[in-house]
1. If Val57 satisfies every condition in (1) open to solvent by 40 Å² or more (accessible area, probe 1.4 Å); (2) more than 10 Å from the chain's Cα centre (by Cα) but one, which is the exception?
2. Please work out which residue is farthest from Ile82 (Cα to Cα), limiting yourself to the range 145-165 and to residues that are open to solvent by less than 20 Å² (accessible area, probe 1.4 Å) and touching a helix residue (DSSP H, G or I) at 6+ places or on another chain (Cβ under 6 Å).
3. Give me the pairs, please: first residue somewhere in the range 154-168 and in the same structural domain as Tyr99 (by TED's automatic domain parsing), second residue anywhere and of a type in the set (S, T, N, Q) and open to solvent by 60 Å² or more (accessible area, probe 1.4 Å), beta-carbon distance under 7 Å, and either six or more positions apart or on two chains.
4. Give me the residue from the range 10-28 that is in a loop (DSSP other than H, G, I, E, B), more than 10 Å from the ligand (Cβ to nearest atom) and free of Cβ contacts under 8 Å to residues at least 40 places away in the same chain and, out of that set, least open to solvent (accessible area, probe 1.4 Å).
5. Just name the residue that is most open to solvent (accessible area, probe 1.4 Å) out of those in the range 29-40 that are under 14 Å from His187 (Cα atoms) and part of a loop (DSSP other than H, G, I, E, B).
6. Of all residues in the range 124-140, how many are surrounded by fewer than 15 Cβ atoms within 10 Å (Cβ to Cβ) and among the hydrophobic types (A, V, I, L, M, F, W, C)?
7. What pairs come out if I take residues in the range 179-190 that are within 20 Å of Glu2 (Cβ to Cβ) and pair them with residues that are surrounded by fewer than 17 Cβ atoms within 10 Å (Cβ to Cβ) whose C-beta lies under 7 Å away, six or more apart or interchain?
8. Failed condition for Phe77, given (1) of a type in the set (Phe, Trp, Tyr); (2) surrounded by fewer than 21 Cβ atoms within 10 Å (Cβ to Cβ); (3) within 14 Å of the ligand (Cβ to nearest atom), with all others met?
Amino acid sequence: METEGVKYAGSKLRLLPYIEQIVRDRGFTSVLDGFSGTTRVSQAFAQMGFAVTSNDVAHWSEAFALCYLKSAKPDSFYAPLIDELNALEGVEGWFAANYGGEGADGCKKPFQRRNAMKIDAVRERIDSFRLDKTDTSVLLSSLMLAMDAVDSTLGHYVSYLKHWSRRSYKPLTLRLPRRFATDSARHTVLRGDVFDAIRGRSFDLAYFDPPYGSNNEKMPPSRVRYGAYYHIWKSVVLNDKPEVFGKAARRVDSRDVECGSVFEDFRRGEDGRFVAISAIDELLGKTDAPFILLSYSSGGRATREELLDSIASHGRLLQAVSIDYRSHVMSSMSWTGDWKRDASGHQEYLFLVEKDI
Ligand SMILES: C[S@@+](CC[C@H](N)C(=O)[O-])C[C@H]1O[C@@H](n2cnc3c(N)ncnc32)[C@H](O)[C@@H]1O
């Protein structure tokens, strides 16, 4: 199944075939993707014929979801606009000032100057079209995918490479997002906290891919903070040219204190439990869906016992699989099974849970 998305820590691109294998032919109609990120899983669910509710706290995730799930106009509507954007000359603007070329300290930014100037020109022109939010989202998705194809990063925006990546020399070029035929009226796009997304709604299946935190006690700051890692996409979508700080020129509202999520919390709560694990437990309990599919990774905060305890207190584990990315092998895990937490082999887990009614 084809999907599109920017490079993203925790993207489930490579897990899609396994997710599809687990959820297909179970008679689901309505499906929630509660932490949709790149929206690749939402895109796959929609192509499988489900009525999808896609939710994430990130503005840019909403833009991608609107593009792939809700935009209903033909490519012929967007193609001339994209041609016009591609024909623009670059200009000096907020993106070029903060993310283009080399800084005074000689440090490389995430885009070559020429491409950063093009980003400025394109982003301003998109607003000048005065399209509705969904059509604007198609063009913003096209811009973000074009930026992702010429970045000079390791896949995040908290520090940049010493030497220009090869792809950064290519000219920024927008193309039509690869949308697929789907009944957009059946889908819902939400932007917000997952607990708001589940309130008052029920689904046949809820898929949860929360931030994992990190189980590395020595280096808690190494944990992925999504708002900080991907601040640039928020700036592209909002075009609000905020104040920035630090070497990576992050938006001030991407500081940890401003953008933290309970799911990214690495501390223990007053009850001695990790905050992130209590949040997952609460989510499993409050979700009104007979089936929940939970993604987790071997680098995550929860231990096997904690996660399995939480699952057992809310329902029955129907299927548990671990996927080794390097060997591309999916194996079944048993209750007492092989929870590989060693740093050598990164494992992804999928737990299909049937909830107690
Ligand atoms: C592991 S990523 C999801 C990746 C996604 N499945 C994909 O394939 O791209 C976790 C996501 O959770 C989002 N997030 C963090 N806290 C959240 C919350 N409280 N409610 C909803 N989304 C949240 C982050 O913005 C991030 O996109």
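1. Failed condition: (2).
2. Tyr157
3. Taking only residues 6 or more apart or on different chains, not a single pair turns up.
4. Arg24
5. Initially, the range 29-40 is screened for residues under 14 Å from His187 (Cα atoms), giving 29-34, 36, 39.
Still in the running and part of a loop (DSSP other than H, G, I, E, B): 29, 34, 36, 39.
Working: Thr29: 72, Gly34: 2, Ser36: 11, Thr39: 2 Å².
Residue satisfying both the conditions and the ranking: Thr29.
6. Final tally of qualifying residues: 1.
7. These pairs meet every condition: Ser184/Ala72.
8. (3)
The values are calculated or read from the model by the stated rules, or taken from the named source; none is laboratory data. Because the structure is a prediction, the values reported are computed rather than measured. No Cβ is skipped: glycine too gets one built from the backbone with ideal geometry, and neighbour counts run over all protein chains shown. Just the protein is used for accessible areas: all its heavy atoms, side chains included, with ligands, DNA and RNA removed. Shrake-Rupley method; radii C 1.70, N 1.55, O 1.52, S 1.80 Å.
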